[in-house]
Amino acid sequence: MGEAILFWFFGGLTCVLALLVIVMRNPVHSAMALIGNLFCIAALFAMLDAHFLAAIQVLVYAGAILVLFLFVIMLLNLKDHELGNARQTATKIAGAILLCWVAFKLIFRVMPSTTAGFPAVGDDYGTVETVGRFLFGPHLLPFEVASILLLAAILGSVAIAKKKLW
Amino acid sequence: MAVKKINRPPQNWWERAYVFEIVRGMSITMKHALKSWFTPEHMPIYQYPEERRPVAERFRGRHRIRRRPDGSPTCVACYCCQTVCPPNAIDIVAEECDDPAIEKRPQSFRINMIRCIYCGMCVEACPKDAIYMSQDYEFANQTREQLHFELEDLLDVEKGDR
Amino acid sequence: MPEWAQSIMTSSITWAVLAGVMAYMLTLVGIPVYTWWERRGAALIQRRPGPNRRGPYGLVQAIADAVKLAVKEDVVPAGANKWMHAIAPMIVMTVALTTFAVIPWSGDIELFGKTVRLQVADLNFGIIFILAISSMAVYGVTLAGWSSNNKYSMLGGLRAGAQMVSYEIALGLAVVGMVLVYGTLKLNLMVAGQEGSLFQWGLFQAPLAFLIYMVATYAETNRVPFDLVEADSEIVAGFHTEYSSLRFGLFYMGEYVHMAVSAVLTVILFFGGYHVPWAHTLFGTTPYATLFPWVMAALAALCLALAWDTSRPKRRALTQGNMIFAAILVAVAGGALLLATLYGLFYDVAWFAALCSMVTQVAVLVVKFLFFFWLFIWVRWTVPRFRYDQLMKLGWKVMLPLALFNIGLTSVLVLAGWL
């Protein structure tokens with residue numbers, strides 16, 4: 001019961017905040033809503049016993065990446081007229097219809113599934129040890145590929161930031 | 001503006017590591033803190049309302065006007081101090097005195113203590129040596145008006161003043 | 001011992017609540033004392049008495065300041081973003097307080113066959129929880145700067161964003177080094193790993209990590225020498241220029257709570273938490289219970305010394321408050337001595353001895369904590385502020401490589417079996 005209440009609370013909050021991210025006109029408000037959204041997703045992770053993932057979600061996404069988002073938005077400090085005009089009504093309606101269709105499809109795909117088929121998780125599920133063993137065991141290749149991607153990103157940012165490379 | 005280059009003495013590796021120098025500095029501040037805690041009586045301070053800083057002999061504080069033996073002000077309202085006062089802080093209104101030996105006396109004698117710069121030129125200018133500057137510097141007040149000192153505020157108090 | 005009392009004492013909720021109370025004692029109740037301490041410490045270092053008039057040692061001054069802050073006018077500047085302006089101080093305070101949830105205040109004790117510990121939540125990723133939550137603190141400061149509609153606030157906010165993100169990396173990597181040493185992310189196991197000799201302490205296991213951690217901590221809490229965020233000689237008051245009344249109070253308290261959590265974390269990671277070095281060799285099988293009367297005696301002695309000091313004629317007239325304070329101190333000393341006597345009478349009652357050992361451990365932790373809190377103040381009034389480019393250079397070109405080197409070194413040492 002308690003878990004269901006928490007799920008609906010955080011799930012609903014996630015949806016509301018996600019909507020706010022795209023509805024809010026002020027980009028800083030959008031960024032704040034995104035932070036809240038990521039936080040709620042972390043809470044959902046925690047409810048799924050993926051504690052380590054939840055902590056990393058907060059640490060990396062909400063704590064580090066969004067700071068840079070906010071940083072850039074604040075540095076740009078857009079005035080109201082620089083944000084551009086509001087979208088036309090037709091575009092809005094088309095967008096809403098599209099969104100409803102996707103949501104409908106998704107909900108009907110997800111709704112019939114139950115938790116009955118899933119095995120109960122053990123005590124060590126979602127702990128650092130288990131996640132670590134998975135990452136550096138069966139999923140070593142994707143892990144290394146991701147790290148190479150990050151390395152390329154670092155090199156790219158250095159190349160952009162530095163005027164003279166050598 | 002031209003850039004002035006200051007040649008600082010080069011630091012050795014010990015100083016550049018910074019940590020050790022911080023520790024040295026912190027030991028100095030700790031020494032001071034311990035000294036203050038254990039021997040508060042040696043602090044170079046005055047606990048103000050109970051202890052007061054001794055002022056110099058020639059300290060220029062608030063003005064006072066001397067009295068004659070009969071209690072009336074020595075001032076003869078000659079306007080010397082008002083004329084010489086650099087910030088125009090003194091405002092005198094004169095009136096005739098019954099005593100033919102004195103001729104004039106101040107009807108009102110007002111010093112604006114906010115304007116006063118405590119230069120002491122009124123004291124220098126006074127031909128009767130009537131005005132002098134006491135060592136009292138504690139006359140803070142709530143309003144500006146209260147700092148416009150009238151004759152009665154300025155007259156010598158009975159039992160000498162600091 | 002009746003059944004219900006046993007069930008209360010062995011319930012984990014009781015101890016979680018007590019641990020929460022402990023955290024609030026050290027933060028919300030402690031804040032007036034910390035502000036007073038900061039001012040007195042500054043004054044003593046600068047050879048002046050500091051606030052010493054209202055109440056004994058000037059302690060009541062802090063309460064007067066708090067009241068003044070609370071009843072001041074709450075100004076929201078024109079053109080400010082009202083919502084963000086209101087939320088920012090709350091974020092700072094909430095984040096700082098939440099981190100206390102995983103702090104272990106004592107070790108395991110046995111009560112009626114059950115093991116309890118003074119800790120709110122024993123998360124298996126405890127230290128990551130602290131890093132994750134404290135990484136949210138930057139939003140409070142940055143948003144405060146942005147929402148105030150003030151150039152200086154904005155500069156402060158931007159500085160905060162850059163500084164806290166930069167030093168978070170060095171901090172996290174230093175902590176990774178300690179995780180390697182202890183082989184766990186749980187804070188209580190980290191403390192347990194430092195039991196035994198003095199050289200089991202994290203400080204001696206990884207001195208380099210300690211250095212990096214301390215520097216990064218000072219940068220994270222925005223304290224001198226890294227208080228660029230509120231550098232008053234450059235940008236007025238930085239991010240809280242436009243804050244007044246209790247909103248400013250929240251920032252102010254948030255800073256002290258952040259300092260408190262950093263000090264506790266330093267003790268736990270590097271200074272053996274609630275452990276006394278060589279406790280088992282010196283004081284037998286139940287060292288902390290054995291130490292209990294001695295701790296109580298020390299407390300009584302301290303109280304009596306302070307009482308004597310307060311009632312002794314000084315350069316100022318004695319106030320009535322001083323005598324009341326002295327009386328309270330004497331009463332506390334009497335209570336401590338009574339407890340010590342009780343221990344002497346009932347030391348063979350298992351649950352009483354266990355509770356006594358818990359109290360001792362908490363006392364040890366608090367004493368160490370107080371030292372590190374004093375270190376914050378001490379450093380603040382010793383070291384001058386860094387220039388901004390120096391700060392960034394130190395963070396990225398010195399701290400980060402050093403932290404990475406430390407991780408490599410620690411890994412090698414751990415693999416070689418030397419740590």
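Scan the stretch C:365-419 for residues that are of a type in the set (Val, Ile, Thr) and assigned to a loop (DSSP other than H, G, I, E, B) and report the count.
Applying the first criterion (of a type in the set (Val, Ile, Thr)) to the stretch C:365-419 yields C:366-367, C:377, C:379, C:382-383, C:398, C:407, C:410, C:412, C:414.
Imposing the further condition that a residue be assigned to a loop (DSSP other than H, G, I, E, B) reduces the set to C:382-383.
Of the residues in that region, 2 qualify.
Filtered by the rule that a residue be within 12 Å of chain C (Cβ to nearest Cβ), in contact with a Phe, Trp or Tyr (Cβ under 7 Å, 6 or more places away or on another chain) and not hydrophobic (A, V, I, L, M, F, W, C), the stretch B:1-53 gives a lone residue, B:THR29. Of all residues in the stretch B:91-109, those satisfying the criterion of being over 15 Å from B:LEU155 (Cβ atoms) and among the hydrophobic types (A, V, I, L, M, F, W, C) are B:VAL93, B:ALA94, B:CYS97, B:ALA101, B:ILE102.
Here C:GLY156 does not fit the description of being out of contact with any Phe, Trp or Tyr (no Cβ under 8 Å at 6 or more places or on another chain), surrounded by 24 or more Cβ atoms within 10 Å (Cβ to Cβ) and more than 7 Å from chain A (Cβ to nearest Cβ). In this entry, C:SER7 is excluded by the filter for residues that are over 18 Å from C:VAL366 (Cβ atoms), in contact with a strand residue (DSSP E or B) (Cβ under 8 Å, 6 or more places away or on another chain) and of a type in the set (S, T, N, Q). Given (1) out of contact with any Leu (no Cβ under 8 Å at 6 or more places or on another chain); (2) under 30 Å from C:VAL75 (Cβ atoms), where does C:MET253 come up short, assuming only one miss? Unmet for C:MET253, out of (1) out of contact with any Leu (no Cβ under 8 Å at 6 or more places or on another chain); (2) under 30 Å from C:VAL75 (Cβ atoms): (1). Against the test of being part of a helix (DSSP H, G or I) and crowded, with 18+ Cβ neighbours inside 10 Å, the options C:VAL330, C:VAL264 yield a single qualifying residue, C:VAL264. Count of the stretch C:114-153 residues, restricted to those that are under 28 Å from C:LEU365 (Cβ atoms), at pLDDT below 85 and more than 10 Å from chain A (Cβ to nearest Cβ), is 9. Here C:PRO313 meets each of (1) at pLDDT 85 or above; (2) within 14 Å of another protein chain (Cβ to nearest Cβ) with one exception, condition (1). Filtering the stretch C:1-60 to residues that are outside any helix (DSSP H, G or I) and within 30 Å of B:GLU50 (Cα to Cα) leaves C:GLN46, C:ARG47, C:ARG48, C:PRO49, C:GLY50, C:PRO51, C:ASN52, C:ARG53, C:ARG54, C:GLY55, C:LEU59. Taken residue by residue, the stretch C:103-126 has no member that is of a type outside the set (D, E, K, R), over 17 Å from the mean Cα position of the chain (by Cα) and part of a helix (DSSP H, G or I). Scan (1) in the same structural domain as B:GLN146 (by TED's automatic domain parsing); (2) at pLDDT below 85 for the single condition B:GLN107 breaks and write down its number. Status for B:GLN107: all satisfied but (2). Taken together, C:VAL165, C:VAL175 contain a single residue that is in contact (Cβ under 8 Å) with a residue 24 or more places away in the chain, surrounded by fewer than 21 Cβ atoms within 10 Å (Cβ to Cβ) and within 12 Å of chain A (Cβ to nearest Cβ), which is C:VAL165.
The single condition among (1) at pLDDT 85 or above; (2) over 20 Å from C:THR286 (Cα atoms); (3) aliphatic (A, V, I, L, M); (4) crowded, with 18+ Cβ neighbours inside 10 Å that C:ALA363 does not meet is (2).
Looking only at residues of the stretch A:29-60 that are at the interface with chain C (Cβ under 10 Å from one of its Cβ atoms) and of a type in the set (Phe, Trp, Tyr), we find that the one that is farthest from the chain's Cα centre (by Cα) is A:PHE52.
Please state which one of C:VAL257, C:VAL229, C:VAL215, C:VAL236 is β-branched (Val, Ile, Thr) and surrounded by fewer than 20 Cβ atoms within 10 Å (Cβ to Cβ). Every option except C:VAL236 fails the conditions. From the list C:SER197, C:SER147, the lone residue that is assigned by TED's automatic domain parsing to the domain that holds C:ALA88 and crowded, with 24+ Cβ neighbours inside 10 Å is C:SER147.
The residues listed here are C:THR94, C:THR142, C:THR99; of these, the one that is over 18 Å from the mean Cα position of the chain (by Cα) and either part of a helix (DSSP H, G or I) or of a type in the set (Ser, Thr, Tyr) (or both) is C:THR142. Name the residue, out of A:LEU20, A:LEU70, that is of a type in the set (A, V, I, L, M) and either on the phi > 0 side of the Ramachandran plot or surrounded by 17 or more Cβ atoms within 10 Å (Cβ to Cβ) (or both). Result: A:LEU70 is the single residue among A:LEU20, A:LEU70 that is of a type in the set (A, V, I, L, M) and either on the phi > 0 side of the Ramachandran plot or surrounded by 17 or more Cβ atoms within 10 Å (Cβ to Cβ) (or both). Tallying residues that are under 16 Å from the mean Cα position of the chain (by Cα), at the interface with chain C (Cβ under 10 Å from one of its Cβ atoms) and free of Cβ contacts under 8 Å to residues at least 40 places away in the same chain within the stretch A:66-83 yields 3.
Does B:CYS119 satisfy the condition of being part of a helix (DSSP H, G or I) and either hydrophobic (A, V, I, L, M, F, W, C) or in contact (Cβ under 8 Å) with a residue 40 or more places away in the chain (or both)? It would help to see each step written out before you state the result.
Values: part of a helix (DSSP H, G or I): no; either hydrophobic (A, V, I, L, M, F, W, C) or in contact (Cβ under 8 Å) with a residue 40 or more places away in the chain (or both): yes.
When the stated conditions are applied, B:CYS119 does not pass them.
Name the residue, out of C:THR221, C:THR285, that is of a type in the set (S, T, N, Q) and closer than 24 Å to C:GLN361 by Cβ.
Only one candidate qualifies: C:THR285.
Every listed requirement among (1) assigned to a helix (DSSP H, G or I); (2) surrounded by fewer than 24 Cβ atoms within 10 Å (Cβ to Cβ); (3) at pLDDT below 85 is met by C:VAL224 save one, (1).
Considering every residue within the stretch A:7-28, establish whether at least one is of a type in the set (S, T, N, Q) and more than 9 Å from chain C (Cβ to nearest Cβ). Yes, some residue in the stretch A:7-28 is of a type in the set (S, T, N, Q) and more than 9 Å from chain C (Cβ to nearest Cβ).
The values are calculated or read from the model by the stated rules, or taken from the named source; none is laboratory data. Since the model is a prediction, treat every value here as computed from it, not as a measurement. Counting neighbours? That spans all protein chains shown, and the Cβs are built from the backbone with ideal geometry, glycine included.
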